[in-house]
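Take a look at the structure below.
The values are calculated or read from the model by the stated rules, or taken from the named source; none is laboratory data. Keep in mind that what you see is a predicted model, and the values were worked out from it rather than measured. Every residue, glycine among them, receives a Cβ derived from its backbone with ideal geometry; neighbour counts consider all protein chains shown. Just so you know, the surface numbers come from the protein's heavy atoms only, side chains and all, with ligands and any DNA or RNA stripped out. Shrake-Rupley method; radii C 1.70, N 1.55, O 1.52, S 1.80 Å.
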Amino acid sequence: MYNKRKIINDPVHGFISIPSELHYDLIQHPYFQRLGRIKQLGMSYLVYPGAQHTRFQHSLGAMYLMEEAIAQLRSRGNEITDEEADAVLAAILLHDIGHAPFSHVLENTLTQEISHEEISLLMMEQINKEMGGALEMAMQIYQNTYPKRFLHQLVSSQLDMDRLDYLIRDSFFTGVVEGAVGAARIIKMLNVHDDQLVVEAKGVYSIEKFLIARRMMYWQVYYHKTSVSAEQVLIKTLERAKELTSKGKSLFASPQFEFFLKNNISKNDFLTSEEPLINYAKFDDSDIISAVKTWSTGEDKVLATLCRNLMNRKLFKIEVREKKPLNAEVRDYVKHVADRLGLSEADARYFVTIHPVSSYTYRPKNDSIKVLYGDGELKDITDSSDLLNLSLISKHEKKYYFGYVKECDLL
């Protein structure tokens, strides 16, 4: 028989063993292989050149951490059957399978009213059909309908294996050391109490570091103003391409990319037709890059300028504001761009953007991190820590990124 128990050498975790033939088959599936062609951090490589890692690598890393967590919880006497272990490993392996090209950047740009989590579930359902129902339990865990709630928390919560891997991995590939966390230590401190994932009291300091690292990574990497600038240029590029296509303009695009340019695809389309998912499953970063390179020499001045600027890293200048820019200020700049390029004000708006960004470091009301003490008492992490101030780490931080094309890039 063909050996499917392969070992993968991962730069972050070292050697990762594929747990079973089921997981090997999932990794080999075209839906999963597509993740190797989608960058984990979207356009962040324009800020951190090393951030070239993919959703494929992250998903394998999350699976590795999940296997470590299962072993730890079992060692504490918590019952996890072999079937449940296979299912929760499959759930974490496939948790990101529905990401759009460049990860979060294009979500709600070429599709509307449907999240990547919902598309992930649709893909899991399709794979489940192909594999004769092998993912039934995995989908229940993913949707939090399986009786053992703590298994879902391992996949999706404020202390899940997804977050642990992406913090370590993104820190490693960007070189931002502030994001590094001690995943091994955190996993060693995990336990289950009343069907809830908890951290033993000895792990409080590790959780403090985890939450602080998460906040640092959000504002230093994920919401870095240059990363946001590049994302906004790409989004404006695709919005312009979609507008031109809707007016009958023929643009170069791969068949799957053309499908999303020509059609306004919503959640209902995914639920009522096979065509959106078929095209989505073939759609990755390479479709976008090849189109942008071709459009950069096209006839449309707006699209060509946006594409050239993106390719040559001539991005929007970003001003970070505490309050939304006034409409009058935006109108004045739009008018300036319109005059400078000889465009209508409607077309000039493609060179101006207002992008709100917000972040919660910790949301105790949604899904708190509980600390378990030796006497059986449970406390929220903010009540167990001398360092963490609930009013600060649970604060909703919101900023407005006002972006506009620089004068020298209008040529």
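About its Cα centre, the dipole of the stretch 344-405 is roughly 200 debye, where the only charges are +1 on Lys and Arg Cβ and -1 on Asp and Glu Cβ. With both labels modelled 7 Å from their Cα along Cα-to-Cβ, the E319 to E83 distance reads 6.2 nm.
The stretch 104-169 has equivalent-ellipsoid semi-axes of 21, 20, 11 Å, by the square roots of 5 times the alpha carbon gyration tensor eigenvalues, sorted largest first.
Between L93, Q220, M139, the Cα set farthest toward the positive side of the dipole of the chain (charges on each charged residue's Cβ, about the Cα centre) is that of Q220. A dipole drawn for the stretch 1-154 from +1 and -1 charges on Cβ atoms has a positive end, and of G42, L26, Q72 the residue lying farthest that way is G42. Annotation for D195 and K247: the two label points, set 7 Å from Cα along the Cα-Cβ direction, are 5.7 nm apart.
Segment D383..T297, full-extension length gain: 25.1 nm, with 0.36 nm per residue of separation and the alpha-carbon distance subtracted. Computing FRET efficiency as 1/(1 + (r/R0)^6) for E113 and H336, where r is the C-beta to C-beta distance and R0 is 41 Å, gives about 0.75. With the simple spin-label model, which puts each label point 7 Å out from Cα in the Cβ direction, the K398 to D367 separation comes to 2.3 nm. Sorted on the mean count of surrounding Cβ atoms within 10 Å across their residues, most packed first, peptides 309-316, 126-133, 189-196 read 309-316, 189-196, 126-133. Ignoring lysines fewer than eight residues from K202 along the same chain, the ones with Cα atoms less than 23 angstrom from its Cα are K188, K370, K379. Residues considered: L41, L89, L277. Largest GNM mean-square fluctuation over the chain, using C-alpha springs under 10 Å, is found at L277. Look at the dipole of the chain built from charges on Cβ: of G182, H104, I235, the Cα furthest out on the positive end belongs to I235. Using the 1.4 Å probe convention, the accessible area of the stretch 308-411 works out to 58 Å² per residue with neighbouring protein chains retained. For the chain, the Cβ-based charge dipole about the Cα centre amounts to some 1560 debye (Lys, Arg positive; Asp, Glu negative; other atoms uncharged). Structure remark: mean-square fluctuation, Gaussian network model of the chain, C-alpha springs under 10 Å; the largest value among A100, A253, A69 belongs to A253. What translational diffusion coefficient, in µm²/s and rounded to a whole number, does the Stokes-Einstein relation yield for the stretch 137-289 at 37 °C and a viscosity of 0.692 mPa s, taking the hydrodynamic radius as the Kirkwood radius over Cα pairs? Approximately 172 µm²/s, per Stokes-Einstein. The GluC sites (Glu not before Pro) of the stretch 236-333 that meet both conditions, a loop assignment by DSSP and at most 10 other Cβ atoms within 10 Å of the site Cβ, are E274, E299, E322.
Per the helix-only calculation at 222 nm, which mean residue ellipticity applies to the chain, given -39500 (n - 2.57) for every DSSP H run of n ≥ 4 and division by its residues, nearest 500 deg cm²/dmol?
Numbers: 21 runs with 203 residues, N = 411.
Here the helix-only value at 222 nm equals -14500 deg cm²/dmol.
Dividing the alpha-carbon radius of gyration of the stretch 1-99 by the rule-of-thumb value 2.2 N^0.38 Å gives 1.17. About its Cα centre, the dipole of the stretch 178-280 is roughly 480 debye, where the only charges are +1 on Lys and Arg Cβ and -1 on Asp and Glu Cβ. Across the cross-link table entries K4/K148; K209/K395; K247/K293, which are compared at the Cα atoms, the separations over 26 Å belong to K4/K148. Residues of the stretch 128-168 with an amide N closer than 18 Å to a point placed 7 Å from the Cα of I8 along the Cα-to-Cβ direction: 155, 161-168.
Computed over neighbours whose Cβ is under 13 Å from that of S115, the net charge equals -4, Lys and Arg +1, Asp and Glu -1. Note on the chain: GNM, Cα springs under 10 Å; of Y401, Y360, Y45, the largest mean-square fluctuation is that of Y360.
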